[in-house]
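Below: one structure, written as structure tokens.
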Amino acid sequence: MAEDWIGDEKELGGNASSVAGASLVDKEGKKKYLVLRDTEGHCLCTRFVGGVRGGQTVDWFAQFPAPPEGTTKVDFQVGAMPPASIDISEGE
């Protein structure tokens, strides 16, 4: 489905066609991290005005709270797409 990346978030306006419903899941720590918001409730993430067409490649970002120190792996989940495992390492 072309819209598998779209979250089902309806509570906060102004987030249509964004990855506002994305999350990071720390299975070991049993926590779920949601995309951060600005003071007006809009996600700190890319908004795709006009959507994304099938086969199209686009760059995007979403800002999340930092997991606790020592967390080494999280699963990235967006919409109905399968989760993707992400290894976390300390930056220099």
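Computed quantities for the displayed model
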| quantity | calculated |
| --- | --- |
| Highest to lowest packing among 19-30, 53-64, scored as the average C-beta count within 10 Å | 19-30, 53-64 |
| Sites Val52 and Thr72, calculated FRET efficiency, Cβ-Cβ separation with R0 30 Å, nearest 0.05 | 0.45 |
| Highest to lowest packing among 33-39, 83-89, scored as the average C-beta count within 10 Å | 33-39, 83-89 |
| Å² of accessible area per residue within segment 27-84, as computed with a 1.4 Å probe and no ligands counted | 75 |
| Rg over Rh [alpha-carbon atoms, Kirkwood Rh] for segment 18-92 | 0.99 |
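The values are calculated or read from the model by the stated rules, or taken from the named source; none is laboratory data. Treat the numbers as computed from the prediction; the structure is a model and nothing was measured. Here Cβ is always computed from backbone atoms with ideal geometry, including for glycine, and neighbour counts include all displayed protein chains. Side chains are part of the model used for accessible areas, which takes the heavy atoms of the whole protein and leaves out ligands, DNA and RNA. Shrake-Rupley method; radii C 1.70, N 1.55, O 1.52, S 1.80 Å.
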